[in-house]
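The values are calculated or read from the model by the stated rules, or taken from the named source; none is laboratory data. Note that the structure is predicted; figures quoted are calculated from it, not measured. Ideal geometry is used to build each Cβ from the backbone, glycine not excepted, and the neighbour counts take in all protein chains shown.
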Amino acid sequence: MGSGIWSTDVYDAAARYRAATGASAFAYSDSGATKTHHDLDPLGVTRESRDSAEHPQSVAIAVLFDVTGSMRLVPRALQAKLPQLLGLLLRHGYAENPQILFGAIGDATCDRAPLQIGQFESDNRMDDDLGKIMLEGGGGGQKTESYELALYFMARHTAIDCHEKRGKRGYLFIIGDEMAYSRLKHDEVKGVIGDTLAQDFTTSSVVREVQRKWDTYYILPEGSSYVGDSEVLDFWRALLGQNVIELADLDAVCETIALTIGLGEAAIDLDEGLADLQDVGSAAGTAVSKALATIGATRGELVVTEPPADLSGPSGNVRL
């Protein structure tokens, strides 16, 4: 996937049509959906970001957000700001050939849609994928959601040319306000993704594997249930180090993602990125500046052709 070119004109026309007809940008969820849309079902699939004549140097970007509780507002904020995200990436040269996947995270212990995964897209179909997400708003109420299940999918069920051909990791953003469960449960993997694992595995081992392919960030935005929660922040910092971002403005999510990628691609420094925000009329500069104060251009290359011996076992009996 990943063909086509993003058009703000097409996006604006769709927005005008929805406004005129009273339609929702999240029509599937707002229609009363009770299960994962079949196009976003993670069972037995792999999502691909591939080079093409149209996009010869593809950069894989994945944005997965918790849709439980107060976090249901995040995809609506993302959808409204897509033009600014793509504008910064494309017009300001942060990433010439971005291919963006959107997905949603719930709780595999109790939710009907614990994991929803779209396709990598370069055109307005990424807006369509957002519109197919079921904003369940459930969760177990215990400060944990199934982030580890999403991380496992991204480690094992994505194929991205930026890594396979050029040895550069894609960008993975997890937007949430809770902790992952401490272990990846083999029965949940089987039921949701379809893989057979020999046993449960620690979430830390899943994170180590996903970081081989993905430059991974966790964003905790203002307005969420556990904003500023030290237990949540310490949990993710133990796993991701400086790549934990506290964001004081939910509406600044897209700008934060764009500037993080610009920094990672060494296309800008932070001051240049903040100046770009001013140029596009974004009011997010203060929130983004504070959020990214500790994020530098530390991405670099990561060429790994084979997984370490302790990460994979016989087919159908995978070990982490």
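Of all residues in segment 175-208, which are in a helix (DSSP H, G or I) and either among the basic types (K, R) or more than 12 Å from Y152 (Cβ to Cβ) (or both)? Passing the criteria: D187, K190, G191, S204, R208. Among the conditions (1) more than 21 Å from L263 (Cβ to Cβ); (2) out of contact with any Lys or Arg (no Cβ under 7 Å at 6 or more places or on another chain), N243 misses just one, which is (1). Taken together, L130, L89, L149, L85 contain a single residue that is in contact with a strand residue (DSSP E or B) (Cβ under 6 Å, 6 or more places away or on another chain) and more than 23 Å from I193 (Cα to Cα), which is L89. When segment 248-289 is filtered for residues that are under 19 Å from L73 (Cα atoms), assigned to a helix (DSSP H, G or I) and touching a Lys or Arg at 6+ places or on another chain (Cβ under 8 Å), the ones remaining, listed by number, are D251, V253, C254, E255. Within segment 220-243, residues that are within 12 Å of T144 (Cβ to Cβ) reach no partner that is among the hydroxyl-bearing types (S, T, Y) and surrounded by fewer than 15 Cβ atoms within 10 Å (Cβ to Cβ) with beta carbons closer than 8 Å at six or more positions or on different chains.
Taking the stated definitions as given, is H55 under 26 Å from D271 (Cα atoms) and at pLDDT 85 or above? In short, no.
Here is a yes/no grid of residues against (1) over 20 Å from P75 (Cβ atoms); (2) surrounded by fewer than 16 Cβ atoms within 10 Å (Cβ to Cβ):
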{"position": "M179", "(1), (2)": "yes, no"}
{"position": "K185", "(1), (2)": "yes, no"}
{"position": "T196", "(1), (2)": "yes, yes"}
{"position": "V207", "(1), (2)": "yes, no"}
{"position": "R212", "(1), (2)": "yes, yes"}
{"position": "D215", "(1), (2)": "yes, no"}
{"position": "Y218", "(1), (2)": "no, no"}
{"position": "V227", "(1), (2)": "no, no"}
{"position": "S230", "(1), (2)": "yes, yes"}
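Of the residues making up segment 220-247, those that are of a type outside the set (S, T, Y) and not in a helix (DSSP H, G or I) are L220, P221, E222, G223, V227, G228, D229, V244, I245, E246, L247. Please determine whether any residue of segment 97-116 is crowded, with 17+ Cβ neighbours inside 10 Å, among the small types (G, A, S) and closer than 30 Å to D279 by Cβ. No, because not a single residue in segment 97-116 is crowded, with 17+ Cβ neighbours inside 10 Å, among the small types (G, A, S) and closer than 30 Å to D279 by Cβ. Listed by position, the strands (runs of 3 or more DSSP E) inside segment 60-172 whose residues that are touching a Leu at 6+ places or on another chain (Cβ under 7 Å) and of a type outside the set (D, E) number at least 1 are 98-105, 115-117.
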